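Read through the structure below, which is laid out as structure tokens, and then see the notes.
The values are calculated or read from the model by the stated rules, or taken from the named source; none is laboratory data. Given the structure is predicted, the values throughout are model-derived calculations rather than measurements. So basically every Cβ, Gly included, is an ideal-geometry build from the backbone, and we count neighbours across all protein chains shown.
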Amino acid sequence: MPFRFPSGTVRLGAVTACALALTTLLGCSNGGGGGGDTATESATGPSTGGGTRITIQDFKFQPASLTVSAGAEVTVVNKDTTTHTVTASKGGSFDTGDIAPGKSATFTAPSKPGDFPYTCTIHPFMKGTLTVE
């Protein structure tokens, strides 16, 4: 049995109502599945208390440059399709080890202030800098 749409004015109203409902639902979503992106929030200054996040996606560290307080906990989330690491380039001050796709790891930032370049040991072209204040 074929479905028949009501006449033009009613159909336009129903379509408009559906579009409005969809727009409202999408407008309320932050797309992140939760309480905000701490990497973006802390990328402009030192992290305070709640930790800091580096996200790996599309073979990039996001943010690539991050400033944290000495001894801050840094969580690394791998949203990519392959395993990665976050490994200090010099001095071995931090190393997450292998982080599988969809998994995360946490490390403690060095206790001394300074700039700490890091890389993915599996994909050396991936580079970032952790600045400790």
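Could you check the range 112-133 and list, in sequence order, the residues that are part of a loop (DSSP other than H, G, I, E, B) and either surrounded by 12 or more Cβ atoms within 10 Å (Cβ to Cβ) or in contact with a strand residue (DSSP E or B) (Cβ under 8 Å, 6 or more places away or on another chain) (or both)?
K112, P113, C120, T121, I122, H123, M126, E133
Residue pairs, Cβ under 8 Å, 6 or more apart or interchain, first in the range 76-97 and over 16 Å from V132 (Cα atoms) and modelled with pLDDT of 95 or more, second among the basic types (K, R) and outside any loop (DSSP other than H, G, I, E, B). List them.
Note: pairs meeting the criteria are V76/R53; V77/R53.
Testing T75 on (1) of a type in the set (S, T, Y); (2) assigned to a strand (DSSP E or B); (3) touching an Asp or Glu at 6+ places or on another chain (Cβ under 9 Å), one condition comes back false. Which one is that?
That leaves (3) as the condition not met.
In the range 61-99, how many residues are exposed (fewer than 13 other Cβ atoms within 10 Å of the Cβ), out of contact with any strand residue (DSSP E or B) (no Cβ under 7 Å at 6 or more places or on another chain) and more than 18 Å from F125 (Cα to Cα)?
Adding up the residues that qualify gives 2.
When the residues of the range 33-60 are filtered to those that are at negative phi and at pLDDT 50 or above, which remaining residue is surrounded by the fewest Cβ atoms within 10 Å (Cβ to Cβ)?
Q57
Report yes if some residue within the range 118-132 is under 19 Å from the mean Cα position of the chain (by Cα), farther than 16 Å from T52 by Cα and among the β-branched types (V, I, T); otherwise report no.
Taking every residue of the range 118-132 in turn, at least one turns out to be under 19 Å from the mean Cα position of the chain (by Cα), farther than 16 Å from T52 by Cα and among the β-branched types (V, I, T).
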